1. Output the residue which, of all residues in segment 72-88 that are farther than 21 Å from Ile27 by Cβ and either part of a strand (DSSP E or B) or touching a helix residue (DSSP H, G or I) at 6+ places or on another chain (Cβ under 6 Å) (or both), is modelled with the lowest pLDDT.
2. Pairs please, first residue from segment 128-156 and on the phi > 0 side of the Ramachandran plot, second anywhere and not in a helix (DSSP H, G or I), Cβ atoms under 7 Å, 6+ apart in sequence or on different chains.
3. Restrict the check to segment 136-149 and report whether at least one residue is out of contact with any Pro (no Cβ under 8 Å at 6 or more places or on another chain), modelled with pLDDT of 85 or more, under 30 Å from Ile223 (Cα atoms) and surrounded by 21 or more Cβ atoms within 10 Å (Cβ to Cβ).
4. From (1) among the small types (Gly, Ala, Ser); (2) at positive phi; (3) modelled with pLDDT of 95 or more, pick out the condition that doesn't hold for Gly120.
5. Hey, could you check segment 151-185 for residues that are among the small types (Gly, Ala, Ser) and at pLDDT below 85 and say which is farthest from Pro90 (Cα to Cα)?
Amino acid sequence: MKLQPAGALGEPVARKISPALFFLVIICFLLPFASVSCNTDTVKAKMGPRLSSLGGSSSDTASLNHCLDAYKSTSLITYSGINLLVGSDPKVNDTPPACKETGTASSTPPTSKPSEVNVGMQPLALLAFIAILVGLAFGAFKLPLRSIVVAVLAACGGALLFAEQGHLTSAIPDKLMASGGGSGSLPGFSITDFIQVSAGTGYLLALGLLAIAIIYNLAVFGIGRLAVVPATPATPSDSAPPAFGLPGFAPSQLAAPAPRLQTPPPPSPPSAPPS
């Protein structure tokens, strides 16, 4: 006989906590999943000598470095989870004012229209979202092996999101190259020399929440397997068969028979005296 554990690791509470974790993961799809930023250190190392060889002055190099420093803390393009899920346009930020003031915007990463850098609907992101939705629904019902199935769904969703992030590191630069941002004003430069793709806060939070869902549901499953009712020893009165057709009347309740008293033999008559 199983004993349902109480508290946070009990099944009644787990059927509330698990759906809440999956719901928070769905909210994370509204946040950035990937962002494109300027790889300023690499650009300075490659563009400085090239600019000098093309006749650029030291002031031009200083202006370019000032512009690149402004790009260091700026995301050029931001892809939310919804952008990857339905194929909507990402958010494209404007060129920093420092680049516009110095007139070096043409030598820095180009600013594209949102539709030009749209990577479309991502199948891996869609499959991950479906696994999360199924985990949300399955985790709220009292079903056999609920906790272990929910943990497996959370693991599948996390693995698919991880694979999607790896795919974006090549898909986004390829899209930027195809949109006409393959080279700047300096010959021999590719868009991959300017940018780097990094994970967004929404993606990191979603992975963290899915990891919590996996650990929590595995703990609920393990505690549920170990919780058993200890056996109660049987008493003689409970296990003894009824006596004389009376229920619950054990033979041990019968009184022991009293011992029989032995009467002494009668005295023999006295013998006659000899004549």
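1. Filtering segment 72-88 for residues farther than 21 Å from Ile27 by Cβ gives 72-74, 76-77.
Keeping just the survivors that are either part of a strand (DSSP E or B) or touching a helix residue (DSSP H, G or I) at 6+ places or on another chain (Cβ under 6 Å) (or both) gives 72, 76-77.
Numbers: Lys72: 70, Leu76: 85, Ile77: 90.
It comes out as Lys72.
2. Pairs that qualify, where the first residue is on the phi > 0 side of the Ramachandran plot and the partner is not in a helix (DSSP H, G or I): there are none.
3. yes
4. Gly120 satisfies all of (1) among the small types (Gly, Ala, Ser); (2) at positive phi; (3) modelled with pLDDT of 95 or more except (3).
5. Pass one, segment 151-185, residues among the small types (Gly, Ala, Ser): 151, 154-155, 157-159, 163, 166, 170-171, 178-185.
Narrowing the set further to residues that are at pLDDT below 85 leaves 178-185.
Working: Ala178: 16, Ser179: 14, Gly180: 17, Gly181: 16, Gly182: 19, Ser183: 21, Gly184: 22, Ser185: 25 Å.
Step by step, filter segment 151-185, then rank; the result is Ser185.
The values are calculated or read from the model by the stated rules, or taken from the named source; none is laboratory data. Here the structure is a predicted model, which means the values were calculated and not measured. Note that each Cβ is placed from the backbone with ideal geometry, even for glycine, and that neighbours are counted across all protein chains shown.
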